[in-house]
Amino acid sequence: MSNHSAATKLLASALACSVLGLSALPAIGCTAMVFKARDGTGIYARTMEWGASDLKSNLVLVPRATAFTSALGVGKTGAAWKNHYGFVGVNAVGLPYATDGMNEAGLTVGVLFYPGFAEFQEPDPNQNATTISSIDMANYLLSNFTTVEEVRQAMPKLRVVRNTEIEKEFGGPIPIHHIVTDATGTSIVIEYTKGALTIFENKVGAMTNSPNYDWHLLNLRNYSNLTPRGASATRSIDGVSLAPFGAGSGMLGLPGDFTPPSRFIRATAFVNTMVPAKDAAEAVSAAATMLNNFDIPKGLVREGASADDYVLGYTQWSVVADTRNKIYYYWTMYDRRMRRVDLTKLDFNAKKVSGFPLDRVRAEDIEDRSADFAQ
(Lines give C-alpha, C1' and ligand atoms only; values in the text may rest on other atoms or scores of the structure.)
Protein backbone atom coordinates (compact mmCIF):
# COMPACT_ATOMS: atom_id res chain seq x y z
CA MET A 1 0.00 0.00 0.00
CA SER A 2 2.92 2.36 0.49
CA ASN A 3 3.37 2.17 -3.27
CA HIS A 4 -0.30 2.95 -3.69
CA SER A 5 0.11 5.36 -6.61
CA ALA A 6 1.81 2.74 -8.76
CA ALA A 7 -0.70 0.09 -7.71
CA THR A 8 -3.62 2.32 -8.60
CA LYS A 9 -2.19 2.98 -12.05
CA LEU A 10 -1.65 -0.73 -12.53
CA LEU A 11 -5.25 -1.40 -11.53
CA ALA A 12 -6.57 1.02 -14.14
CA SER A 13 -4.20 -0.32 -16.76
CA ALA A 14 -5.21 -3.91 -16.09
CA LEU A 15 -8.88 -3.05 -16.36
CA ALA A 16 -8.24 -1.05 -19.51
CA CYS A 17 -6.82 -4.13 -21.19
CA SER A 18 -10.22 -5.78 -21.11
CA VAL A 19 -12.73 -2.93 -21.00
CA LEU A 20 -14.12 -2.20 -24.44
CA GLY A 21 -14.68 1.47 -23.74
CA LEU A 22 -17.52 3.42 -22.19
CA SER A 23 -20.09 1.30 -24.00
CA ALA A 24 -19.28 -1.41 -21.45
CA LEU A 25 -20.37 0.67 -18.47
CA PRO A 26 -24.13 0.01 -18.66
CA ALA A 27 -23.39 -3.69 -18.20
CA ILE A 28 -22.29 -2.99 -14.62
CA GLY A 29 -25.19 -3.32 -12.21
CA CYS A 30 -24.48 -3.75 -8.50
CA THR A 31 -27.22 -3.89 -5.85
CA ALA A 32 -26.84 -3.16 -2.12
CA MET A 33 -29.20 -3.63 0.81
CA VAL A 34 -29.09 -2.66 4.49
CA PHE A 35 -31.31 -3.81 7.36
CA LYS A 36 -31.27 -4.73 11.07
CA ALA A 37 -32.21 -7.88 12.97
CA ARG A 38 -34.45 -7.72 16.03
CA ASP A 39 -31.42 -8.08 18.32
CA GLY A 40 -29.84 -4.97 16.78
CA THR A 41 -27.43 -6.71 14.40
CA GLY A 42 -26.76 -4.49 11.40
CA ILE A 43 -26.49 -6.17 8.00
CA TYR A 44 -24.99 -4.76 4.82
CA ALA A 45 -25.15 -6.88 1.66
CA ARG A 46 -24.27 -6.33 -1.99
CA THR A 47 -23.61 -7.98 -5.33
CA MET A 48 -20.76 -7.15 -7.71
CA GLU A 49 -21.68 -7.20 -11.39
CA TRP A 50 -18.94 -6.65 -13.95
CA GLY A 51 -18.85 -8.23 -17.36
CA ALA A 52 -16.02 -6.52 -19.18
CA SER A 53 -13.34 -8.68 -17.56
CA ASP A 54 -12.57 -11.25 -14.91
CA LEU A 55 -11.98 -9.19 -11.76
CA LYS A 56 -9.82 -11.98 -10.26
CA SER A 57 -10.67 -10.54 -6.87
CA ASN A 58 -8.74 -11.27 -3.71
CA LEU A 59 -9.84 -10.77 -0.12
CA VAL A 60 -7.23 -8.42 1.31
CA LEU A 61 -6.25 -7.64 4.90
CA VAL A 62 -4.88 -4.11 5.39
CA PRO A 63 -3.19 -3.68 8.79
CA ARG A 64 -3.22 -0.54 10.89
CA ALA A 65 -0.59 2.09 10.03
CA THR A 66 -0.42 1.11 6.38
CA ALA A 67 0.80 4.10 4.37
CA PHE A 68 -1.37 5.52 1.60
CA THR A 69 -0.84 8.37 -0.84
CA SER A 70 -3.59 9.42 -3.21
CA ALA A 71 -2.41 9.79 -6.81
CA LEU A 72 -4.06 12.74 -8.53
CA GLY A 73 -2.47 12.22 -11.94
CA VAL A 74 0.27 13.94 -13.97
CA GLY A 75 2.79 13.26 -11.21
CA LYS A 76 0.75 15.06 -8.56
CA THR A 77 -0.17 13.56 -5.22
CA GLY A 78 -2.87 14.45 -2.75
CA ALA A 79 -3.59 13.40 0.79
CA ALA A 80 -1.20 11.02 2.53
CA TRP A 81 -2.27 9.00 5.54
CA LYS A 82 -1.66 5.95 7.67
CA ASN A 83 -4.81 4.09 8.47
CA HIS A 84 -6.04 4.21 12.05
CA TYR A 85 -8.19 1.12 11.56
CA GLY A 86 -7.38 -2.17 9.94
CA PHE A 87 -9.81 -3.49 7.36
CA VAL A 88 -10.57 -6.29 4.96
CA GLY A 89 -11.69 -5.61 1.44
CA VAL A 90 -12.38 -7.25 -1.90
CA ASN A 91 -10.06 -5.89 -4.55
CA ALA A 92 -9.84 -6.09 -8.31
CA VAL A 93 -7.21 -7.69 -10.55
CA GLY A 94 -5.19 -8.92 -7.60
CA LEU A 95 -4.26 -5.55 -6.10
CA PRO A 96 -4.74 -4.33 -2.49
CA TYR A 97 -7.41 -1.88 -3.53
CA ALA A 98 -10.89 -2.08 -2.00
CA THR A 99 -14.05 -2.09 -4.10
CA ASP A 100 -15.90 -3.21 -0.98
CA GLY A 101 -14.85 -3.77 2.60
CA MET A 102 -15.35 -3.59 6.35
CA ASN A 103 -13.01 -2.21 8.99
CA GLU A 104 -12.38 -3.45 12.51
CA ALA A 105 -15.01 -1.05 13.91
CA GLY A 106 -17.74 -2.49 11.69
CA LEU A 107 -17.81 0.36 9.17
CA THR A 108 -18.50 -0.90 5.64
CA VAL A 109 -17.97 0.89 2.33
CA GLY A 110 -19.32 -0.28 -1.01
CA VAL A 111 -18.29 1.17 -4.37
CA LEU A 112 -21.01 1.03 -7.04
CA PHE A 113 -20.99 2.41 -10.58
CA TYR A 114 -22.85 5.66 -11.27
CA PRO A 115 -22.48 6.25 -15.03
CA GLY A 116 -23.79 9.37 -16.68
CA PHE A 117 -24.22 11.28 -13.44
CA ALA A 118 -20.98 11.16 -11.42
CA GLU A 119 -19.08 14.43 -11.63
CA PHE A 120 -16.41 15.12 -9.04
CA GLN A 121 -14.87 18.33 -7.74
CA GLU A 122 -12.25 20.32 -9.62
CA PRO A 123 -8.63 20.08 -8.42
CA ASP A 124 -7.24 22.96 -6.37
CA PRO A 125 -3.44 22.91 -5.96
CA ASN A 126 -3.80 24.82 -2.70
CA GLN A 127 -5.85 21.97 -1.23
CA ASN A 128 -3.83 18.94 -2.33
CA ALA A 129 -3.20 17.92 1.28
CA THR A 130 -6.91 17.28 1.73
CA THR A 131 -7.60 16.00 -1.78
CA ILE A 132 -8.07 12.37 -2.81
CA SER A 133 -8.87 10.68 -6.08
CA SER A 134 -12.40 9.30 -6.27
CA ILE A 135 -11.05 5.77 -6.63
CA ASP A 136 -9.25 6.16 -3.27
CA MET A 137 -12.42 6.91 -1.32
CA ALA A 138 -13.12 3.39 -0.10
CA ASN A 139 -9.62 2.95 1.28
CA TYR A 140 -9.69 6.41 2.84
CA LEU A 141 -13.02 5.92 4.60
CA LEU A 142 -12.22 2.42 5.83
CA SER A 143 -8.85 3.64 7.09
CA ASN A 144 -10.00 6.62 9.10
CA PHE A 145 -13.55 6.34 10.44
CA THR A 146 -15.68 4.17 12.70
CA THR A 147 -19.19 5.59 12.28
CA VAL A 148 -21.42 7.05 9.61
CA GLU A 149 -21.58 10.28 11.58
CA GLU A 150 -17.79 10.64 11.47
CA VAL A 151 -17.89 10.12 7.70
CA ARG A 152 -20.70 12.64 7.34
CA GLN A 153 -18.70 15.26 9.24
CA ALA A 154 -15.46 14.57 7.36
CA MET A 155 -16.68 14.51 3.76
CA PRO A 156 -17.27 18.29 3.34
CA LYS A 157 -13.67 18.89 4.45
CA LEU A 158 -12.34 16.53 1.79
CA ARG A 159 -11.85 17.35 -1.87
CA VAL A 160 -12.63 14.42 -4.17
CA VAL A 161 -11.41 14.67 -7.76
CA ARG A 162 -10.96 12.60 -10.89
CA ASN A 163 -7.58 11.20 -11.79
CA THR A 164 -7.66 11.96 -15.51
CA GLU A 165 -4.36 10.16 -16.12
CA ILE A 166 -5.81 6.89 -14.85
CA GLU A 167 -9.04 7.52 -16.75
CA LYS A 168 -7.05 7.70 -19.98
CA GLU A 169 -5.58 4.27 -19.22
CA PHE A 170 -9.02 2.99 -18.26
CA GLY A 171 -10.60 4.25 -21.47
CA GLY A 172 -12.90 6.91 -20.00
CA PRO A 173 -14.32 8.31 -16.76
CA ILE A 174 -14.69 6.05 -13.72
CA PRO A 175 -18.14 7.05 -12.47
CA ILE A 176 -18.78 5.76 -8.95
CA HIS A 177 -20.79 6.49 -5.82
CA HIS A 178 -20.56 4.95 -2.35
CA ILE A 179 -22.70 3.37 0.33
CA VAL A 180 -21.41 3.57 3.91
CA THR A 181 -22.87 1.63 6.85
CA ASP A 182 -21.70 1.34 10.46
CA ALA A 183 -22.06 -1.10 13.34
CA THR A 184 -25.42 0.38 14.39
CA GLY A 185 -26.92 -0.27 10.95
CA THR A 186 -27.01 3.44 10.11
CA SER A 187 -26.36 3.96 6.39
CA ILE A 188 -25.71 6.82 3.97
CA VAL A 189 -25.16 7.18 0.24
CA ILE A 190 -22.42 9.54 -0.97
CA GLU A 191 -22.67 11.02 -4.46
CA TYR A 192 -20.84 13.71 -6.41
CA THR A 193 -23.07 15.20 -9.10
CA LYS A 194 -22.28 18.37 -11.05
CA GLY A 195 -19.19 18.82 -8.91
CA ALA A 196 -21.13 18.95 -5.65
CA LEU A 197 -21.17 16.56 -2.71
CA THR A 198 -24.54 15.18 -1.60
CA ILE A 199 -25.02 12.80 1.31
CA PHE A 200 -28.32 10.96 1.54
CA GLU A 201 -29.75 9.11 4.50
CA ASN A 202 -30.34 5.55 3.35
CA LYS A 203 -33.63 5.11 5.16
CA VAL A 204 -35.14 2.61 2.71
CA GLY A 205 -32.16 0.24 2.91
CA ALA A 206 -31.40 0.00 -0.81
CA MET A 207 -28.93 1.27 -3.39
CA THR A 208 -28.18 0.49 -7.03
CA ASN A 209 -26.69 2.63 -9.80
CA SER A 210 -27.84 5.58 -11.90
CA PRO A 211 -29.62 7.92 -11.78
CA ASN A 212 -29.07 9.92 -8.60
CA TYR A 213 -30.28 8.54 -5.28
CA ASP A 214 -33.03 11.09 -4.71
CA TRP A 215 -34.49 10.18 -8.13
CA HIS A 216 -34.76 6.57 -6.98
CA LEU A 217 -36.54 7.71 -3.81
CA LEU A 218 -39.01 9.75 -5.85
CA ASN A 219 -39.58 6.81 -8.21
CA LEU A 220 -40.73 4.68 -5.27
CA ARG A 221 -44.00 6.60 -5.41
CA ASN A 222 -44.82 4.88 -8.69
CA TYR A 223 -44.99 1.61 -6.76
CA SER A 224 -46.88 2.68 -3.65
CA ASN A 225 -49.56 0.09 -4.44
CA LEU A 226 -47.22 -2.84 -3.81
CA THR A 227 -47.98 -4.87 -0.70
CA PRO A 228 -46.99 -8.30 0.62
CA ARG A 229 -50.65 -9.05 1.27
CA GLY A 230 -52.40 -10.83 -1.58
CA ALA A 231 -55.62 -9.60 -3.18
CA SER A 232 -58.94 -10.80 -1.81
CA ALA A 233 -60.14 -14.17 -3.09
CA THR A 234 -63.80 -13.18 -2.64
CA ARG A 235 -63.99 -10.27 -5.09
CA SER A 236 -66.22 -10.73 -8.10
CA ILE A 237 -68.22 -8.86 -10.75
CA ASP A 238 -71.77 -10.12 -11.03
CA GLY A 239 -70.66 -13.63 -10.19
CA VAL A 240 -67.43 -13.55 -12.21
CA SER A 241 -64.59 -14.37 -9.81
CA LEU A 242 -61.68 -11.95 -9.53
CA ALA A 243 -59.74 -14.24 -7.23
CA PRO A 244 -56.00 -14.21 -7.98
CA PHE A 245 -54.55 -17.32 -9.62
CA GLY A 246 -52.00 -17.83 -6.88
CA ALA A 247 -49.86 -16.28 -4.17
CA GLY A 248 -48.02 -13.01 -4.68
CA SER A 249 -50.78 -10.88 -6.22
CA GLY A 250 -50.01 -8.02 -3.84
CA MET A 251 -46.64 -7.62 -5.56
CA LEU A 252 -48.10 -7.63 -9.07
CA GLY A 253 -46.20 -4.91 -10.89
CA LEU A 254 -42.92 -5.39 -9.01
CA PRO A 255 -40.32 -4.91 -11.77
CA GLY A 256 -38.24 -7.97 -12.50
CA ASP A 257 -35.68 -6.64 -14.98
CA PHE A 258 -32.08 -5.74 -14.16
CA THR A 259 -32.06 -1.99 -14.81
CA PRO A 260 -30.93 0.11 -11.82
CA PRO A 261 -34.39 1.67 -11.21
CA SER A 262 -36.08 -1.73 -11.23
CA ARG A 263 -33.48 -3.31 -8.98
CA PHE A 264 -33.85 -0.40 -6.55
CA ILE A 265 -37.61 -0.97 -6.33
CA ARG A 266 -37.11 -4.69 -5.88
CA ALA A 267 -34.43 -4.28 -3.19
CA THR A 268 -36.58 -1.77 -1.30
CA ALA A 269 -39.55 -4.14 -1.44
CA PHE A 270 -37.51 -7.09 -0.17
CA VAL A 271 -35.88 -5.23 2.72
CA ASN A 272 -39.05 -3.53 3.88
CA THR A 273 -41.39 -6.53 3.73
CA MET A 274 -39.10 -9.24 5.09
CA VAL A 275 -40.11 -10.86 8.36
CA PRO A 276 -37.59 -9.32 10.81
CA ALA A 277 -34.72 -11.69 11.49
CA LYS A 278 -34.31 -12.77 15.10
CA ASP A 279 -30.54 -12.53 15.27
CA ALA A 280 -27.34 -12.38 13.24
CA ALA A 281 -27.59 -15.95 11.94
CA GLU A 282 -31.12 -15.45 10.62
CA ALA A 283 -30.21 -12.03 9.22
CA VAL A 284 -27.23 -13.33 7.25
CA SER A 285 -29.37 -16.11 5.82
CA ALA A 286 -32.10 -13.62 4.87
CA ALA A 287 -29.56 -11.33 3.21
CA ALA A 288 -28.19 -14.19 1.12
CA THR A 289 -31.69 -15.20 0.04
CA MET A 290 -32.51 -11.65 -1.05
CA LEU A 291 -29.20 -11.17 -2.85
CA ASN A 292 -29.86 -14.31 -4.89
CA ASN A 293 -32.73 -12.45 -6.56
CA PHE A 294 -30.23 -10.02 -8.11
CA ASP A 295 -27.80 -12.54 -9.57
CA ILE A 296 -27.28 -12.01 -13.28
CA PRO A 297 -26.20 -15.14 -15.18
CA LYS A 298 -23.79 -14.84 -18.08
CA GLY A 299 -25.66 -13.93 -21.24
CA LEU A 300 -28.85 -12.43 -19.81
CA VAL A 301 -27.54 -8.85 -19.90
CA ARG A 302 -25.61 -7.73 -22.98
CA GLU A 303 -24.66 -4.16 -23.87
CA GLY A 304 -23.02 -3.11 -27.10
CA ALA A 305 -23.28 -1.86 -30.63
CA SER A 306 -24.76 -5.03 -32.14
CA ALA A 307 -25.66 -8.65 -31.52
CA ASP A 308 -22.08 -9.59 -32.35
CA ASP A 309 -20.33 -6.71 -30.56
CA TYR A 310 -21.31 -6.57 -26.91
CA VAL A 311 -20.12 -6.75 -23.32
CA LEU A 312 -21.77 -9.01 -20.77
CA GLY A 313 -22.96 -7.98 -17.35
CA TYR A 314 -22.96 -10.75 -14.75
CA THR A 315 -22.56 -11.31 -11.02
CA GLN A 316 -18.98 -12.20 -10.07
CA TRP A 317 -19.28 -12.18 -6.28
CA SER A 318 -21.55 -11.16 -3.41
CA VAL A 319 -20.85 -10.16 0.19
CA VAL A 320 -22.78 -9.90 3.45
CA ALA A 321 -21.32 -7.96 6.37
CA ASP A 322 -22.48 -8.44 9.96
CA THR A 323 -21.42 -5.00 11.15
CA ARG A 324 -22.19 -5.68 14.80
CA ASN A 325 -20.14 -8.87 15.17
CA LYS A 326 -17.55 -7.83 12.55
CA ILE A 327 -17.95 -10.87 10.32
CA TYR A 328 -17.57 -10.54 6.55
CA TYR A 329 -19.23 -13.25 4.43
CA TYR A 330 -18.88 -13.84 0.71
CA TRP A 331 -19.49 -16.27 -2.14
CA THR A 332 -18.69 -16.20 -5.86
CA MET A 333 -20.12 -17.16 -9.22
CA TYR A 334 -17.84 -20.21 -9.20
CA ASP A 335 -18.57 -21.46 -5.69
CA ARG A 336 -21.80 -20.49 -3.97
CA ARG A 337 -20.75 -21.97 -0.66
CA MET A 338 -20.71 -19.13 1.88
CA ARG A 339 -17.33 -18.35 3.42
CA ARG A 340 -16.53 -15.86 6.18
CA VAL A 341 -13.78 -13.87 7.83
CA ASP A 342 -14.13 -12.90 11.50
CA LEU A 343 -12.39 -9.55 11.90
CA THR A 344 -12.11 -10.01 15.67
CA LYS A 345 -9.69 -12.89 15.00
CA LEU A 346 -7.44 -11.04 12.57
CA ASP A 347 -4.06 -9.48 13.31
CA PHE A 348 -4.39 -5.84 12.31
CA ASN A 349 -0.90 -5.18 13.69
CA ALA A 350 0.63 -7.27 10.92
CA LYS A 351 3.65 -5.84 9.14
CA LYS A 352 2.25 -5.89 5.63
CA VAL A 353 -0.86 -6.22 3.50
CA SER A 354 -1.86 -9.81 2.79
CA GLY A 355 -4.62 -11.52 0.85
CA PHE A 356 -5.88 -14.57 -0.94
CA PRO A 357 -8.09 -15.37 -3.95
CA LEU A 358 -11.80 -15.53 -3.18
CA ASP A 359 -11.84 -19.11 -4.47
CA ARG A 360 -9.25 -21.75 -3.66
CA VAL A 361 -10.60 -23.64 -6.66
CA ARG A 362 -13.06 -22.22 -9.15
CA ALA A 363 -15.59 -25.01 -8.80
CA GLU A 364 -18.69 -25.62 -6.70
CA ASP A 365 -17.93 -27.16 -3.31
CA ILE A 366 -20.74 -29.73 -3.27
CA GLU A 367 -21.25 -32.05 -0.31
CA ASP A 368 -22.02 -35.66 -1.23
CA ARG A 369 -24.69 -37.08 1.14
CA SER A 370 -25.14 -40.40 -0.66
CA ALA A 371 -23.67 -42.42 2.22
CA ASP A 372 -25.87 -40.82 4.88
CA PHE A 373 -28.96 -42.94 4.25
CA ALA A 374 -29.74 -45.53 6.92
CA GLN A 375 -28.32 -48.94 6.03
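Numbers at a glance
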item	result
Packing rank of 86-93, 103-110, where each peptide gets the mean count of other beta carbons within 10 Å, highest leading	103-110, 86-93
Dipole of region 272-375, positive end: most advanced residue of 329, 355, 292 [Cβ charges, Cα centre]	355
For region 114-165: relative contact order, % (alpha-carbon pairs under 8 angstrom, 6 or more apart)	57
Accessible area (Å², 1.4 Å probe, nearest 10) - residue 235	150
Accessible carbon and sulfur surface of the chain relative to its total accessible area, %, 1.4 Å	53
Mean Cβ count within 10 Å, highest first, over the residues of peptides 305-311, 73-79, 49-55, 143-149	49-55, 143-149, 73-79, 305-311
Solvent accessible area, Å² - residue 140, 1.4 Å probe, full protein context	40
Region 141-243, Cα convex hull volume normalised per residue, Å³	169
Accessible surface, the chain, averaged per residue in Å² (probe 1.4 Å)	47
14 Å beta-carbon shell around residue 279, net charge (K/R +1, D/E -1)	+1
Folded to 0 to 90 degrees: helix 280-292 orientation relative to the chain principal axis, Cα	80
Order of exposure, largest accessible area first, which applies to 168, 278 with probe 1.4 Å	168, 278
For the chain, built as a Gaussian network whose Cα springs stay under 10 Å, the top-fluctuating residue of 186, 47, 227	227
Cα centroid separation, region 230-288 to region 119-138 (Å)	42
Expected-Rg normalisation [2.2 N^0.38 Å, Cα atoms] applied to region 273-375	1.43
Farthest positive-ward along region 140-238 dipole, Cα basis, beta-carbon charges - from 205, 184, 156	205
Solvent exposure, largest accessible area first (probe 1.4 Å, DNA, RNA and ligands not counted), of 237, 166, 199	237, 199, 166
Quotient of Cα Rg and 2.2 N^0.38 Å for region 316-369, N being how many residues it contains	1.32
Spherically averaged projected area in nm², based on the convex hull that wraps the Cα atoms of region 66-141	5.9
D_trans [Stokes-Einstein, Kirkwood Rh over alpha-carbon pairs] for the chain, 4 °C, 1.567 mPa s, µm² s⁻¹	60
Lys, Arg +1 and Asp, Glu -1 on Cβ, resulting dipole of the chain about Cα centre, debye, nearest 20	560
Kirkwood Rh in Å, taken over region 164-316 so that all alpha-carbon pairs contribute	18.8
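The values are calculated or read from the model by the stated rules, or taken from the named source; none is laboratory data. What you see is a predicted model, and the numbers here were worked out from it, not measured in a lab. Glycine gets a Cβ as well: all are built from the backbone with ideal geometry, and neighbour counts include every protein chain shown. Keep in mind that these areas ignore ligands, DNA and RNA; they rest on the heavy atoms of the full protein, side chains included. Shrake-Rupley method; radii C 1.70, N 1.55, O 1.52, S 1.80 Å.
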